[in-house]
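Following: one structure in structure tokens, then a few remarks.
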Amino acid sequence: MPEQRRISIIDSEQMLRHALGGLVRPAGYDAGLYESAEQFLEAGAADASALLITDVQLPGMSGLDLQERLRRDGHRLPLIFLTALDDEALRKRAFAGGAKCFLIKPFEGDIMIRCIEFALSQEPQIY
């Protein structure tokens, strides 16, 4: 059973990972920080998460491949994707797999908070 306020964040960039953790904690969320999809999976974090924020481009397994793996394994937690590449094919693939938001870097902190709140309750959005 996922912790109601647990958000898992996967990004290979340590600074961004910690910045996102620092952004979500004051908003009342707990943050689990992971540098790779493999680390997230090894930790069994999917079962403890209410939401996953992941970069599309990761070393090893990509964010999109992780999304497919989670769905195949029966996990239905909402996902928010981050990317520096505004690519329509990536967006379509992410949304087809059930993504709730697709954020293009750089983005403002308030956009991320709105996207988190939205992802926990609504339909896909692009920012």
Considering each residue of the stretch 93-115, count those that are part of a loop (DSSP other than H, G, I, E, B) and either hydroxyl-bearing (Ser, Thr, Tyr) or under 20 Å from Ala37 (Cα atoms) (or both), and give that number. 5
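Tell me which residues, restricted to the stretch 71-89, are closer than 23 Å to Ala45 by Cβ, of a type in the set (A, V, I, L, M) and at pLDDT below 95. Full working, then the answer.
Within the stretch 71-89, the subset closer than 23 Å to Ala45 by Cβ is 71-83.
Applying the additional criterion that residues be of a type in the set (A, V, I, L, M) yields 77, 79-80, 82.
The answer is Leu77, and nothing else.
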I need the full set of residues from the stretch 6-24 which are surrounded by 15 or more Cβ atoms within 10 Å (Cβ to Cβ), under 19 Å from Ile113 (Cα atoms) and not aliphatic (A, V, I, L, M), in order please. Arg6, Ser8, Asp11, Arg17, Gly21
Given the options Leu20, Leu90, Leu41, name the one that is within 12 Å of the chain's Cα centre (by Cα) and part of a helix (DSSP H, G or I). Leu20
Hey, among the residues in the stretch 25-55 that are crowded, with 21+ Cβ neighbours inside 10 Å and aliphatic (A, V, I, L, M), which one's nearest to Phe107 (Cα to Cα)? Ile53
Pair list, Cβ < 7 Å and 6+ apart or interchain, from the stretch 84-112 residues that are in contact (Cβ under 8 Å) with a residue 12 or more places away in the chain to residues that are part of a loop (DSSP other than H, G, I, E, B) and charged (D, E, K, R): Ala84/Lys105; Ile104/Asp86
Here the residues within the stretch 23-38 that are in contact (Cβ under 8 Å) with a residue 40 or more places away in the chain, under 23 Å from Arg76 (Cβ atoms) and outside any loop (DSSP other than H, G, I, E, B) are Val24
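Would it be correct to say that Pro124 is at pLDDT 90 or above, within 14 Å of the chain's Cα centre (by Cα) and under 17 Å from Leu51 (Cα atoms)? Quick ask: steps written out before the conclusion?
Values: at pLDDT 90 or above: no; within 14 Å of the chain's Cα centre (by Cα): yes; under 17 Å from Leu51 (Cα atoms): yes.
When the stated conditions are applied, Pro124 does not pass them.
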Those residues of the stretch 44-64 which are touching a strand residue (DSSP E or B) at 6+ places or on another chain (Cβ under 8 Å) and outside any helix (DSSP H, G or I) amount to Ser49, Ala50, Leu51, Leu52, Ile53, Thr54, Asp55, Val56, Gln57, Leu58
Kindly list, by first and then second residue, each pair from a residue in the stretch 53-73 that is at positive phi to a residue that is surrounded by 22 or more Cβ atoms within 10 Å (Cβ to Cβ) and not basic (Lys, Arg), limited to pairs with Cβ atoms under 8 Å and residues at least 6 apart or on different chains. Gly60/Ala37
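The values are calculated or read from the model by the stated rules, or taken from the named source; none is laboratory data. Here the structure is a predicted model, which means the values were calculated and not measured. Counting neighbours? That spans all protein chains shown, and the Cβs are built from the backbone with ideal geometry, glycine included.
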